[in-house]
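To start, the structure under review is shown below, and the notes come after it.
The values are calculated or read from the model by the stated rules, or taken from the named source; none is laboratory data. Every value quoted in this text rests on a predicted model; they were computed, and no experiment measured them. Using ideal geometry, Cβ is built from the backbone for each residue, glycine included, and neighbour counts are taken over all protein chains shown. Only protein heavy atoms, including side chains, enter the accessible area calculation; ligands, DNA and RNA are left aside. Shrake-Rupley method; radii C 1.70, N 1.55, O 1.52, S 1.80 Å.
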Amino acid sequence: MRQRTYTRRRIAVVGGGPAGLAFARVMHRHDRPVAVLERDPAPDARPPGGTLDLHEGLGQLAMDKAGLLAEFQALSRPEGQAMRILDPDGTVLRDWRPDPAERANPEIDRGQLRDLLLGPLDVRWGERVTKVVPGARDGVLVHFEDGHQEAFDLVIGADGAWSRTRPALSPVTPHYTGVTMVETSLDDVDTRHPDLATLVGDGSVAVYGVNRAVVAQRNSGGHVKVHAQFRAPLDWHAHLDPGDPEAVRSRLLTLFDGWTAPVLDLLRHGTAFVHRPLHVLPVSHTWAHVPGVTLLGDAAHLMPPLGAGANLALLEGAELAESLADGPADPDDAVRAFEERMWARAGRWAKITAAGLDRLVSPDPAAALAVFDQVQPSR
């Protein structure tokens, strides 16, 4: 078993995702040290995921607080806000293209955002936290997979849906929404699949049917992420070999049988498939305040992936850092006040996204179109 000197640091953030990195980056801007504990062994240990749209009053505000707004604007893709919606038979129902000056929700690849936030941060890679125990004599005790322990004055759980920090505050665990996503991707789409590149356009194309949908979204570098979404039992894939992409592809093509060929081609040409059942925390998830521990992002308020989660995570990380960076007289009071603000805002978004998922993957495809029209009237 690895031995390590028992080190006392004032603040640790568990998780190197958007929430944890935003917190650490704003603290770094104020010359405040933070231990960032990330379970991945390196930044590129696994694929970083798809693309995110950062909202002006949420994610972009967080980037501004971190001093990174100009760098974000240079990397982001305003054209990625474009959205086309089709019927399963291929009829174009909506085709919205943003003005060149539109900056409300520009897209950025998750990997680019991660690297931008990492910057000068000294992340402790490969640190797998198993448990967080408040109330210890030396502060909050963090247990690691290799058996060692460290104490901190404040531990911030930014460790996602299946947070190892959350049990220190709340017994609640995520529950399945009844909707599953299966993700695949296309590389070098403009050269290898020019017809599909035209179908997707500069942003996204979405096709809504009865209790199912296909959404394809352009990333940078000619990469396209494709998500098949459908209502199904959690174990719908129990008899499928996840390592057999042809078996998964065949099952998906059966689920979407009768849809127009170009949409099915998004699934036919996918290189690998990842099963992503959608879980959420209760809409009004809160907890009794515990000195020395708090949560951010998905660890605090996991909600359907409809554009709000990462934005909230970024802003929460930045706001909590600002409230602590100037050394408040009582840091615990600052954390408690932050939690109250976070719960109110996250609760509003959780209701919006829960209702949105119900309408986007529903028995009535017209409900999905109405959601789009509420967000962005067709031109």
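Quick check: the angle from helix 245-255's long axis to the longest principal axis of the chain, C-alpha only, nearest 10 degrees? Orientation of helix 245-255: about 60 degrees from the principal axis.
The long axis of helix 331-360 is offset from the longest Cα principal axis of the chain by roughly 10 degrees.
Our compactness index for segment 236-379, the C-alpha radius of gyration over the empirical 2.2 N^0.38 Å, is 1.41. When Rg and Dmax are taken over the Cα atoms of the chain, they come to 21.4, 65 Å. Over all projection directions, the Cα-based convex hull of segment 63-202 averages an area of 13.8 nm².
The simple spin-label model puts a point 7 Å past each Cα toward its Cβ; for Trp125 and Ala42 those points are separated by 0.6 nm. Heavy-atom accessible area for Asp89, with the other protein chains in place and a 1.4 Å probe, reaches approximately 100 Å².
The orientation-averaged projection of the convex hull spanning the C-alpha atoms of segment 131-217 amounts to 10.0 square nanometres.
The residues of segment 198-320 present an accessible area of 37 Å² per residue when probed at 1.4 Å with all protein chains retained. Where only DSSP H runs of four or more residues are counted, the chain gives -10000 deg cm²/dmol as its mean residue ellipticity at 222 nm, each run worth -39500 (n - 2.57). How large is log10 of I(q)/I(0) for segment 214-297 at q = 0.16, 0.18, 0.21, 0.24 Å⁻¹ when the intensity is taken from the Debye formula with one equal scatterer per alpha-carbon? Values returned for q = 0.16, 0.18, 0.21, 0.24 Å⁻¹ are -0.75, -0.86, -1.06, -1.29. Computed with every protein chain present, the accessible area of Lys131 is close to 100 Å² [probe 1.4 Å].
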